[in-house]
Amino acid sequence: MSNEQLIERLLYSSEGDALDFKLRQYKFASATEEEKSELLKDILAFANSWRDSPAHIVIGIRDGTKEIDGLDTDIDEASVQQFVNAKANKPVRFSYDVVDFKGKRIGLFTIHVQERPFYLGKQYGKLKANTVYVRRGSSTVEADPDEIAKMGRSASSSSAPKLRLRLISTGREETIFDQILFNYTEFLVNRSSPLRDYHGKNPSTLAYLSPGSNSNYYREMAVYLRERYGRIGFYIEIHNSGDTFADDVRIQLHAQSSQGFGLKGTDDFRDRPQSSSLAAQIRAIQGPMVLKNRPLKIESRKDHELAEFLIGKLQAGQTARSEALYLVCPQVSLESLHICVFSDQLRTPMEISVPVKISRNEITITEDHIDTYDNQHATFGVPTVTMTPPSGKS
């Protein structure tokens, strides 16, 4: 569920021990201790409340009418996190997001189910030291000793996010799979007899002197065809089925290195080469596409290829999908892909292994192959890709 869908659902709910609506943002930056203690009290009270699902504080909504006013001012999550966790007896798991909702910006605090009780070691503003504040209905009260004892005995069963990975094929019909069987043809260039310069399809004496042809066309097409017919692509989808968020989520994929094999993202593939020298010159002037803040990083290391996807924060119930990743001309020695998931909330990385079986044959590409491809729009055999669904699933 997205944050927008969550707010839509919360608007049909009433305030209680898991929900509070506020018209105005908490006073925080340049605020007094008494003003800042209001935010601290509400975070601690919701963290101590008796519930089995995340609690939410929604900023920018009128409580009675549920009219959407929007944020009057923003607040820095990192500063609030530091402030609350410096005062509480132990770290409190909560998050703050600004959500675009129906043309307005809404503040959303999410306080997760976790082990209690929480309290202050020292008095701060309006809050007493060593006092447990708890949300009861739409009010905040001080917990009695018996209630505090029960909090200490009840450990949350959902103290960490629950992450699940799925691999999904690219293409019109997406398929979920847990192993890859890939049969393809790899196009090789005869190094002892390299492809000649291109001077047009029907070269003549004058054509050789003409500047109108891209002399590297055959060589560029050989690379293009090798990548086109020797690649298999998929997405990595991650879902958080727990009731607490996962922060700084990163997904790493490792694959054994071999000669000629590589990993690529969608934007790493070159466009089809042009036989015209003018088109080639324009493409060279434009240069490769440079993507700023790209969430995919690919590296070739000593013994393996690495792809890393930056997912960021994954809220409870949220699903995210990586950019498409392609194996380009994998060799038969590749037997598995190793995937690791990292998050600040995971005690150890989550790891899975995807079995891979590669079969391939080779063709030494010639100028005639490329001319035939151009003239007849022929293909050299579409690669056979089998992505086997998980056991017991369709």
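Points to keep in mind about this one:
- For a straight C-alpha distance cut-off of 12 angstrom, the aspartates and glutamates reachable from Lys104 (same-chain residues fewer than eight places away being disregarded) are Glu4, Glu67, Asp69, Asp72.
- Computed extension gain for Ser359 through Thr372, at 0.36 nm per residue and net of the alpha carbon distance, reaches 2.1 nm.
- Heavy-atom SASA rank of Arg9, Arg191 (probe 1.4 Å, accessible area, largest first): Arg191, Arg9
- Using a Gaussian network model of the chain in which every pair of alpha carbons under 10 angstrom is joined by a spring, one finds that among Asn89, Asn361, Asn48 the greatest mean-square fluctuation is at Asn361.
- Charged neighbours of Glu362, selected by a Cβ distance under 11 Å, balance to +1 (K, R count +1; D, E count -1).
- Packing here is the average count of other Cβ atoms within 10 Å per residue, and on that basis the peptides 318-331, 64-77, highest first, run 318-331, 64-77.
- A 1.4 Å probe run over the chain, with the rest of the protein chains in place, finds 52 Å² accessible per residue.
- Normalising the average separation of contacting C-alpha pairs (under 8 angstrom, six or more residues apart) by the number of residues puts the relative contact order of the chain at 18 percent.
- D_trans [Stokes-Einstein, Kirkwood Rh over alpha-carbon pairs] for the range 9-58, 4 °C, 1.567 mPa s, µm² s⁻¹: 108
- Among beta bridges identified by DSSP and lying wholly in the chain, the antiparallel ones come to about 85 percent.
- Listed by chain and number, the aspartates and glutamates placed with their C-alpha closer than 19 angstrom to that of Lys126 are Glu33, Glu34, Glu35, Glu38, Asp42, Glu142, Asp144; residues fewer than eight positions away on the same chain are left out.
- Rounded percent of accessible protein surface that carbon and sulfur make up, the range 45-189, 1.4 Å probe: 44
- Residues Phe309, Phe269, ordered by accessible area of protein heavy atoms at a 1.4 angstrom probe radius and largest first, appear as Phe269, Phe309.
- Links that overshoot a 27 Å alpha carbon limit, given the list Lys27/Lys66; Lys162/Lys357; Lys22/Lys87; Lys27/Lys128; Lys297/Lys357: Lys162/Lys357
- Mean projected area in nm² (Cα convex hull; one quarter of hull surface) for the chain: 26.7
- By the rule of a C-alpha distance below 13 Å, with chain neighbours fewer than 8 residues away ignored, the aspartates and glutamates paired with Lys264 are Glu227, Glu299, Glu305, Glu308, Glu323.
- Length gained when the stretch Thr32-Asp144 is fully extended (0.36 nm per residue, less Cα-Cα span): 37.4 nm
- Net lengthening on full extension, Ala86/Glu4 (0.36 nm per residue, minus Cα-Cα): 26.5 nm
- Largest first, the residues Ser276, Ser193 sort by 1.4 Å accessible area into Ser193, Ser276.
- Projected label distance in nm at Asp72 and Arg191, using a 7 Å step from Cα toward the beta-carbon: 7.3
The values are calculated or read from the model by the stated rules, or taken from the named source; none is laboratory data. Here the structure is a predicted model, which means the values were calculated and not measured. So basically every Cβ, Gly included, is an ideal-geometry build from the backbone, and we count neighbours across all protein chains shown. All accessible areas refer to the heavy atoms of the entire protein, side chains included, with ligands and DNA or RNA removed. Shrake-Rupley method; radii C 1.70, N 1.55, O 1.52, S 1.80 Å.
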